[in-house]
Amino acid sequence: MTLTLDRTAATDAPVLDVLAERWSTRVYDASVPLDEDALASALEAARWAPSASNTQPWRFIVARRGTPEFASILDALMGFNQGWAGAASALLVAVAETETAEGDALPWAVYDTGQAAAHFTVQAHSAGLYTHQMGGFDRAAISTTFGLDTRFVPQTVMTVGALGDVTAAPAALQERELAPRTRRPVRESLLVNA
């Protein structure tokens, strides 16, 4: 029996349904191929994220399960992440272009790349894909494997795919997946609210 999860956030103020419903799973269905149309829409949403002076300093590496590129990214993951991420349909690396080809710094590149990744996750969820962003990976290994110039800095690795059956997952994953969703209250995030 497959467990139906309702992971909708209990918000203190109304937000868009897609935002309240979006969550980061660690359980994927390894038998489901990547929904290419949903991926294309998510990449398009990332394309239209705002950026300083319209510099668009983000780049993405997309690797589908079963490819050597996917295996290389999976190998670069650290610890616990490596144990579950292989079931995803794809691994995506968000890369920030931190300076131009001429050597001029792009000081907002990391922030802007984060916005592009956020746009990606919201659109992906809206289209039925699940995502999970990870910081636990070997950046140097990713840079070397994909021949990235030093001005291109990997920021996050994201799993992308169809939600799996939580009841079939190992106990450690089930515990994390079924734990209550929590966030600190907005007031604790406001340094000033004049």
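Here, each number is a calculation from the coordinates, and none is a lab measurement. All figures in this text were calculated on a predicted structure; none of them were measured in a lab. Glycine also receives a Cβ, built like all others from the backbone with ideal geometry; neighbour counts cover every protein chain displayed.
Where nothing but the Cβ of Lys and Arg (+1) and of Asp and Glu (-1) is charged, how large is the charge dipole of the chain around its Cα centre, in debye to the nearest 20?
Numbers: 14 positive and 22 negative charges, 87 e Å.
Here the size comes out at about 420 debye.
Could you tell me, in Å, what Rg and Dmax come out for the Cα atoms of segment 66-139?
Every Cα atom of segment 66-139 included, Rg and Dmax give 14.3, 40 Å.
Could you identify which residue out of 31, 53, 126 has the top mean-square fluctuation in a GNM of the chain using Cα springs shorter than 10 Å?
The residue with the greatest mean-square fluctuation here is 53.
Give me the one-decimal nm value for the distance between modelled label points at residue 59 and residue 104, 7 Å along each residue's Cα-to-Cβ direction.
The modelled label-to-label distance comes out at 1.9 nm.
Between residue 5 and residue 127, what FRET efficiency comes out of the Förster formula 1/(1 + (r/R0)^6) with R0 = 22 Å and r the beta carbon distance, rounded to 0.05?
Values: r = 18 Å, r/R0 = 0.82.
Between residue 127 and residue 5 the formula returns 0.75.
Percentage of Cα-Cα pair distances in segment 78-194 greater than 18 Å, rounded to whole percent?
On the way: 4384 of 6786 pairs.
The answer is 65 percent, as a whole percent.
Quick one: check the C-alpha center-to-center distance for segment 112-137 versus segment 54-78, whole angstrom.
Going from one Cα centre to the other spans 13 Å.
Calculated FRET efficiency, residue 13 and residue 167, Cβ-Cβ r, R0 30 Å, to nearest 0.05?
0.35
Using a simple spin-label model with points 7 Å from Cα along the Cα→Cβ vector, what separation in nm is obtained for residue 138 and residue 20?
Result for the modelled spin labels: 4.4 nm.
Under 10 Å, Cα contacts only: if you run a Gaussian network model on the chain, which one of 101, 140, 117 comes out with the highest mean-square fluctuation?
Judging by the Gaussian network model, the answer is 101.
Which shape class applies to segment 1-149: rounded if a/c is under 1.5, otherwise prolate when a/b exceeds b/c and oblate if not, where a ≥ b ≥ c are the square roots of the Cα gyration tensor eigenvalues? Don't skip to the answer; put the middle values down first.
Values: a/c = 1.96, a/b = 1.21, b/c = 1.63.
Here segment 1-149 falls in the oblate category.
So which residue, out of 112, 165, 104, gets the largest mean-square fluctuation from a GNM of the chain using Cα contacts under 10 Å as springs?
Largest GNM mean-square fluctuation: 104.
Just rank 108, 84, 58, fewest to most, by other beta-carbon atoms within 10 angstrom. Could you put the intermediate results ahead of the total?
Values: 108 16, 84 21, 58 24.
The order, fewest Cβ neighbours first, is 108, 84, 58.
Quick one: grab the alpha carbon gyration tensor of segment 1-63, order the square roots of its eigenvalues as a ≥ b ≥ c, and give me rounded if a/c is under 1.5, else prolate or oblate depending on whether a/b is larger than b/c. Walk me through the numbers before you get to the answer.
On the way: a/c = 2.88, a/b = 1.26, b/c = 2.28.
It is oblate, given that a/c is not under 1.5 and a/b is not larger than b/c.
With no solvent and one point per C-alpha, what does the Debye sum give as log10 I(q)/I(0) for segment 125-194 at q = 0.15, 0.18 Å⁻¹?
Debye intensities relative to I(0), on a log10 scale: -0.86, -0.97.
Of 181, 139, how do they rank once you tally other Cβ atoms within 10 Å and put the fewest first?
Details: 181 11, 139 16.
So the ranking, lowest neighbour count to highest, is 181, 139.
Can you give the % of DSSP beta bridges in the chain that are antiparallel, to the nearest 5?
Working: 23 of 24 bridges.
Beta bridges within the chain, antiparallel portion: roughly 95 percent.
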